[in-house]
Amino acid sequence: MHRVEGPEQLTSLSRVLQEKRQEQPVTVVVSSGTCGQAKGSLAVVDAFRRELDRQGLANKVTLRVTGCHGFCEQEPLAIVEPENIFYCRLRSHDVPKIVSETLLKGKILDELLYTDPISGKKVIHEAEIPFYRAQDRVLLSQNKLLDPCKIEDYIAIGGYTALAKVLTSMKPEEVIAEIKASGLRGRGGGGFPTARKWETCRRASATPKFIICNADEGDPGAFMNRSVLEGNPHSVLEGMIIGAYAIGAEHGFIYVRTEYPLAVEHARIALEQAREYGLLGKNILGSGFSFDMRLVRGAGAFVSGESTALMAALEGKLGEPRPKDVHTVEKGYGNLPSNLNNVETLSDVPLIINNGSAWFRAKGTAKSPGTKIFALTGKVKNTGLVEVALDTRLKTIIYDIGGGAIDGKEIKAVQVGGPSGGCIPAELFNLPVDFEALTEAGAMIGSGGMVVMDENTCMVDVARYFLEFLQDESCGKCVPCRLGIDRMLEIVTDITMGRATEKQLSLLEELGETITLSSLCGLGKTAPNPVLTTLRYFRLEYEAHIREQRCPAGVCRALIHYAIDPEKCTGCQVCLRSCPHGAITGERKKPHTINDEICSKCGICKEECKFDAVIVK
Amino acid sequence: MEPSKLDTILEGRQSRPDQLIEVLQDMQTQFHYLPEDGLRIVAEKLGVPPIEVIRVANFYKAFSLTPRGRHLLTICMGTACHVRGAQKLLDTVAGHFNISPGETTPDRAFTLERVNCLGCCALGPVAVLDGVYYDHITPGKLLTVINSVCRKDKKGKKKHA
C-alpha cells in the first residue's frame, strides 16, 4: 500500500523519488501521444527497449515514454538526457545507432538532428529550435518530464504539492480569492472568470455539489485537451481536487470524448493511482476532506460539450442543451449545483497555487492573463501545439513559431476558434491573441484551434465546411439553429456551385444575424461566425463565385476542370492507370487527355504526375 | 449477439438509468453495433423506456444500429484535414466502394465512417483503418492501402479453403 497519510509524507516521498531520478540521470525520453503513435512511436519505444537490453544498458539508462511534446510535425522524437539532445523523425532502425553511438560513446548523430529550415543549420537542443523558442510552455513543458501512467513521475516533479498546500494552509474562500487574483479565465471557449464560477457554486445552497471536467473536445482543429489529459492527467486531477475543496464538492466527473482512447485510458489509470495514494477518496492527505470522481465517456456529439447538454449526458440522457435561465452552477447534474471547467483551466490551477497569482498575472494582458495552448495546423510549416502568453501576436505564432507558409505560397488567413470562431485575414496578424481582441475581430479564442489557410484555400468552401459540420452536429431542438443553418448551407452551397445570385449574399447576412440572436445555446449563437467573418474579410471571393462562376483558389469542384498540359505530358501512362474512374485516355509516349464528363475531380492524377502536367483551370 | 456478454456488461448497472450511455458504449465495443434484441434487454434492465434507448442510440455518433464490416475505415473531416483535402479522400473512397459514409459494403468487408475530428490535426489529412493511423494520406495512397488489405483477405480465404 502506497497511501500517503499527510503533507510531510508527500514531501519526503517526492524527495526520495527525485533522488532516485538523479541517481540515474541518463534517460531517453520518447514522446508517444496519439500523434506520436500515429507516426510510429511505439515501434521506436520497442526498439529502444530491445537495444538497451541487447547493448547492456537496461539498468543504466532510463526509458521514459511520455505524452505529446507538441511538435507533431517532427514525431516520433526522442530526447537524450542529461545533455538534452533532440532527435526527430525517428524510425526504429535509427535506434541501435543512438544506443551505440550517443549513449555509449557520447557522440551526437547529425543526421537525426533537427534542421532549422531558415538557416539550414543542425540544431542540437530543443530550446534552440525556433518552434519552441518563442513559446512560453508552462503547462506543456511538463509533458516530457513524466510518464503519464506513473503517478510517481508526477510526484517527483512536485505534483500534488499545490493540493497539500491548499488542504493544510488555505480556507476554501482563500483558494477562490487566489484564483480570482490570478484572473484565470476559462480555457474552453467563452473565457468566463473561473473564480466567479467557483464562488457562485460555493454559495449555492443545495448539496451535494459536483465538479466536472469538460474533456469533450469536439472542436475540429483543437487537440490541446487531449494532449494535456493524455500526457499529464494528474495535473488535471490535482486542479479538480483543489476546485472541489474550494466549492465544497464531494463528487466529480471527467467527461472525455470516446474518440480519444488514449486520453480515456490514461485518465483511468491516473484515477486508480491517485486513489491508491490516498489523493482521492476519503480523508485526502489526512486532512479530513473527502472527494472522489468518475470517468464518463462522451459518445460523440459536439453539442454535448455545452454545459447543460453535458450534464444531461452525464445522467445518461440525450445530450441536448436546455435554456440557461438557471445556471448549472446552481442546478446542473441531477438538478444540483455543478461546476464545469475545461481541462486546460484545471491544470492551470496547481501552477497558480504553487507560484502565486502574481506569477500568472505577469504573463498576458490585464484582462487575459496567463498562457494558453493553441493547436497550430493547416497550411503552415511547423504544426503542433503552441503555448504562448495571451498578449502574443498572431504573426509571432504563425511566422516565428509556425515557420510561415508551405512551398512558398502566400498565407491569407487563420481560422481561430473552430466552428464558433472566425477567419482572421493576414492584414490583421498584428492582433494579440487575447479574448477581447479576437472577439472584436469577429473570431474568438474558443478552444484554441488555429488553422492556417493559404492562397489554395477557398474561403467560401471553408464557410460551407463549417456549416455542414454544424448542420450535422445541431441537435435540432430549437428552430433558428435547426432550420437556419440548413438555409445558410443551401445558399453557400449554391455559391460554391456557381448558381447563386448577389441578392442571396444579403439574405445570408440577415439569416446569420437572426440565428445569432435567437438560438438556444452557444452552438447556434456562434454558428454564423465562420460565414459572417469570411463575408466581412473575403467578400471578393464570394463575388467571384457569383459573378464570374470562378473559384479563385481552385477548390470548388463545380467551377474547376482538370486538364493535361500537352507540352509537359510525356505519355508515361501513370495518371491513366491511377485514375479510379477511367477518365484519362491516351497512347504511350503521346500526350493524354482527361474526359471532363467522367472526371470526378479527385485529383489523384495531379498527385501522381511527376511532370506537373496536370493543371486545374 | 451472445446474451451472456450483455449480462456481463449489465452487471451492477441494473435499474440505473444514468448508466445508459456507458452500457451502450460497452455494447458497441463488444458487438461493433447495437443489436435490437440487446437494446430491448437494456431498456428493461436499466428501467428506461425503449423509445428513449433508441433516441439516445440514434443521437450519438459512436453508436451504430447496423452491423459493421470486417474492416473499419474512418476518415477524419476536421478543419485541418479539410483544408488539406480530406473531402477528396472521402469522395474517392466512397466512389471506390460505391457506398456513402456510414454504410457498409454489401460483402460486409468495409465500413466507411467519417469523424468530425480525431485530434491529430497536425498530421492531416488522417485516415484510420482498423485502428492504424495513416497521416498525410492522399487519395492514391489510401487506395493502395485498401487494395493491399483486400489482397491479404483473399490470400487468407484461400489458405482456409
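Each value in this text was obtained by applying a stated rule to the coordinates, not by laboratory testing. Everything quoted here is computed from the prediction, not taken from an experiment. Cβ sites come from the backbone with ideal geometry, for glycine too, and all protein chains shown count toward neighbours.
Between A:Asp391 and A:Ile157, the simple spin-label model (points 7 angstrom out along Cα→Cβ) gives 2.7 nm.
Residue exposure proxy: A:Ser227, A:Ser141, A:Ser119, ordered by other Cβ atoms within 10 angstrom of their Cβ from fewest to most, comes out as A:Ser119, A:Ser141, A:Ser227. Counting every other Cβ atom within 10 Å of each residue's Cβ, A:Ser347, A:Ser519 order from fewest to most as A:Ser519, A:Ser347.
Listed by chain and number, the aspartates and glutamates whose C-alpha is less than 20 Å from the C-alpha of A:Lys412, apart from same-chain residues fewer than 8 away, are A:Asp400, A:Glu427, A:Glu440, A:Asp454, A:Glu455, A:Asp461, A:Glu541, A:Glu543. Dipole magnitude for segment A:159-360: about 400 debye, using +1 per Lys or Arg Cβ and -1 per Asp or Glu Cβ, origin at the Cα centre.
If you wrap the tightest convex hull around every Cα atom of the protein assembly as shown and split its volume per residue, you get 181 Å³. Less than 5 angstrom separates the built amide H of A:Leu340 from those of A:Ile212, all sequence-distant by 5 or more or on a different chain. Computed from the alpha carbon positions, the gyration tensor of segment A:459-547 leads to an equivalent ellipsoid with semi-axes of 21, 12, 11 Å, biggest first. The packing ranking of peptides A:54-64, A:308-318, A:471-481, highest mean first, is A:308-318, A:471-481, A:54-64, where packing means the average number of other beta carbon atoms within 10 angstrom of each residue.
Across the alpha-carbon atoms of segment B:3-59, the computed radius of gyration and Dmax are 9.8, 27 angstrom.
How far is the Cα center of segment A:330-402 from the Cα center of segment B:124-161, in Å? Between the Cα centres of segment A:330-402 and segment B:124-161 lies a distance of 39 Å.
Backbone N atoms of segment A:110-126 closer than 17 Å to the 7 Å Cα→Cβ label point of B:His136 belong to residues A:112-118. Based on Cα contacts under 8 Å between residues 6+ apart, segment B:3-59 shows a relative contact order of 38 percent.
The long axis of helix B:36-46 is offset from the longest Cα principal axis of chain B by roughly 40 degrees. Among the listed pairs A:Lys122/A:Lys379; A:Lys20/A:Lys60; A:Lys39/B:Lys61; A:Lys122/A:Lys381; A:Lys197/A:Lys372, a Cα-Cα separation exceeding 22 Å is found for A:Lys122/A:Lys379; A:Lys39/B:Lys61. About its Cα centre, chain A has a charge dipole of approximately 420 debye under the convention of +1 per Lys or Arg Cβ and -1 per Asp or Glu Cβ, with nothing else charged.
For the peptides A:580-587, A:600-607, A:436-443, B:8-15, the ranking by packing is A:600-607, A:436-443, A:580-587, B:8-15, with the highest mean count of neighbouring Cβ atoms within 10 Å listed first.
Among the residues of B:82-92, the average count of other protein chain beta-carbon atoms within 10 Å of the residue beta-carbon is 6. The label point for A:Asp53 and the one for A:Ser205, both projected 7 Å from the Cα toward the Cβ, are 6.5 nm apart.
The share of Cα pairs per 10 Å bin across segment A:394-483, counted from zero up to the longest distance, runs 16, 44, 29, 9, 2 percent.
Here the Karplus curve 6.51 cos²θ - 1.76 cosθ + 1.60, taken at θ = phi - 60°, turns the phi angles of segment B:74-81 into couplings of 10, 10, 7, 10, x, 4, 5, 5 Hz, with x standing for Gly and Pro. Each part gets one Cα centre, and for segment A:127-160 versus segment B:77-112 those centres are 38 Å apart. For the pair segment A:79-107 / segment A:461-534, the C-alpha centres are spaced 52 Å from each other. Note: relative contact order over segment A:467-533, using C-alpha pairs below 8 Å and six or more positions apart, is 37 percent. The count of lysine pairs in segment B:71-160 with alpha-carbon distances below 27 Å, taking only pairs 8 or more places apart or on different chains, stands at 7.
For segment A:475-517, the square roots of the Cα gyration tensor eigenvalues, ordered a ≥ b ≥ c, give a/c of at least 1.5 with a/b no greater than b/c, which places it in the oblate category. Distances over 24 Å make up what percent of all Cα-Cα pairs in segment A:159-360? The share of Cα pairs beyond 24 Å in segment A:159-360 comes to 33 percent. Straight Cα distances below 19 angstrom link B:Lys45 to the aspartates and glutamates A:Glu315, B:Glu2, B:Asp7, B:Glu11, B:Asp18, B:Glu22, B:Asp26, B:Glu36, B:Asp37, with same-chain residues fewer than 8 positions distant left out. The mean sequence distance of close C-alpha pairs (under 8 Å, at least 6 residues apart), as a share of the length of chain A, puts its relative contact order at 11 percent. Expressed to the nearest 5 percent, the antiparallel share of DSSP beta bridges inside the protein assembly as shown is 55 percent.
Where both bridge residues fall in segment A:23-128, DSSP classifies roughly 70% of the beta bridges as antiparallel. According to the calculation over all Cα-Cα pairs in segment A:561-616, the P(r) per 10 Å bin from zero is 29, 64, 7 %. When the charge dipole of the protein assembly as shown is built from unit charges on Cβ atoms (+1 for Lys and Arg, -1 for Asp and Glu) and taken about the Cα centre, the candidate among A:Ala38, A:Ala441, A:Val555 whose Cα reaches farthest toward its positive end is A:Ala38. Each residue in B:Asp26, A:Asp565 was given a count of other beta-carbon atoms within 10 angstrom of its own, and listing them fewest first yields A:Asp565, B:Asp26.
Taking every residue in A:415-425, how many Cβ atoms of other protein chains lie within 10 Å of its Cβ, on average?
1
With R₀ set to 51 Å, the beta-carbon distance separating A:Gln18 from A:Ile118 gives a calculated FRET efficiency near 0.85. Per residue of peptide A:597-606, the mean number of Cβ atoms on other chains within 10 Å of the residue Cβ is 4.
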